[in-house]
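Below is one structure, written out as structure tokens; the observations come after it.
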Amino acid sequence: MKFLLGVLLMAVALPATAADTVWSAVFEKARPAVPVIRSKGGVCSGALISPTEILTARHCVFDLRPITVQWLENDKVVTQQTATISRWDKDNDIAILTLDAPAKATPLKFANLASIKVGQECATIGHPFGTKLDFDTNLNSDMLFNFTKGMVTKINSDKNFLTDMSVSPGNSGGAVLNDQGEIIGVVSAKYVRKAAGSIGRMIHPAKLAMLKDQPSRTFTSLDAKASIDLNVKETFVNLHHNGKEIKDNALALDLSIWMRDRFLVGVERSVSSSKEDIEYRGLALAYRWYFETSNFLPFYAGVGYKRLTFKEYNERNFAMIYLSGMGFNIEAGMSPQDSSETFLSVGISIF
């Protein structure tokens, strides 16, 4: 028993190996150059590759969505910048963002991109499940700067390679690093199947080199204070007109503009989808909050006002509640003048 205890104490006291020291140094060197990338409330990772450029995954950013780059110290946001997409490859899921001002961190360097081999050790720093309640600055510090290490397990083509690193939502866009802290790839996706292990798909270095050497393209996103949604809705209405109760439904197209992702101005237009030939146009004003559930599924909830002007039944005003997440949205409203007059909209976001 004493012998076993002595062995355990010796094991605990053993110093870090040279390999551990190397990877610790990689982490400390790279961490300041790994910001949080946000577009429409989601969280991704990125890597500073020049004073004004961020490398990330293309699916992390949207053409007409505001893009925010947040720099952290002690897991708290200390600097926040806006960015625009300047170079991108949608097919290979990579993008380079241009910052509105130079960043203070030291940029990461690219490795010899022809040197990647199966069995090579690699690592990434990311922010898996990093969102927490308030989408502006409040982050889940337990998940920020998560450092995971593995090896290159397969090279599929000049488009991507596989690793056994642990990656999760929020790691997307993070740089894959070699033991010198140099960039050899970008985290793109994770294979999720029953009984699957840690299999991540990374963008191949050859694609990074091609993108890095592209000339910058002009793409103007909306102002950082605004975003846009385009939704298709099926709306069910319950109205009263000339002593008659009308229950009907209509298919609507809804264009919503969100200011700072909180204040909505929306317009919509419907066409009849049932026998009563209900058609309407609508105007909505709303305020919403961002939430995240315990299983990491983010959603928005809001309250507001909606005015629907019907083809034959004049104008109706409604107090409205709003819920959306994962591309789906639900609205429900009741008339302050007549609580029996209601509407319910169920829709999907197509942009």
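The values are calculated or read from the model by the stated rules, or taken from the named source; none is laboratory data. Computed from a predicted structure; not experimentally measured. Cβ atoms come from the backbone with ideal geometry, glycine included; neighbour counts cover every protein chain shown. SASA here: full protein model, heavy atoms, side chains in, ligands and nucleic acids out. Shrake-Rupley method; radii C 1.70, N 1.55, O 1.52, S 1.80 Å.
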Selected residue (criterion: modelled with the highest pLDDT) from residues of region 58-77 that are hydrophobic (A, V, I, L, M, F, W, C) and in a loop (DSSP other than H, G, I, E, B): Val61
Scope region 317-342; condition open to solvent by less than 30 Å² (accessible area, probe 1.4 Å) and closer than 12 Å to His240 by Cα; matching residues: Ser335, Glu341
Yes/no for Gly130 being at pLDDT below 90, buried (at least 18 other Cβ atoms within 10 Å of the Cβ) and at positive phi: no
Residue that is surrounded by the fewest Cβ atoms within 10 Å (Cβ to Cβ), among those in region 58-88 that are without any contact (Cβ under 8 Å) to a residue 60 or more places away in the chain and of a type in the set (A, V, I, L, M): Val78
Count of residues meeting criterion [part of a strand (DSSP E or B) and surrounded by 20 or more Cβ atoms within 10 Å (Cβ to Cβ)] in region 89-118: 5
Ser188 among the polar types (S, T, N, Q), farther than 16 Å from Glu121 by Cα, open to solvent by less than 50 Å² (accessible area, probe 1.4 Å) and at pLDDT 85 or above: yes
Residue match in region 38-57 (condition: out of contact with any helix residue (DSSP H, G or I) (no Cβ under 9 Å at 6 or more places or on another chain), at pLDDT 85 or above, open to solvent by 30 Å² or more (accessible area, probe 1.4 Å) and part of a helix (DSSP H, G or I)): no
Test result for Val176, among the β-branched types (Val, Ile, Thr) and either touching a Cys at 6+ places or on another chain (Cβ under 9 Å) or at pLDDT below 90 (or both): yes
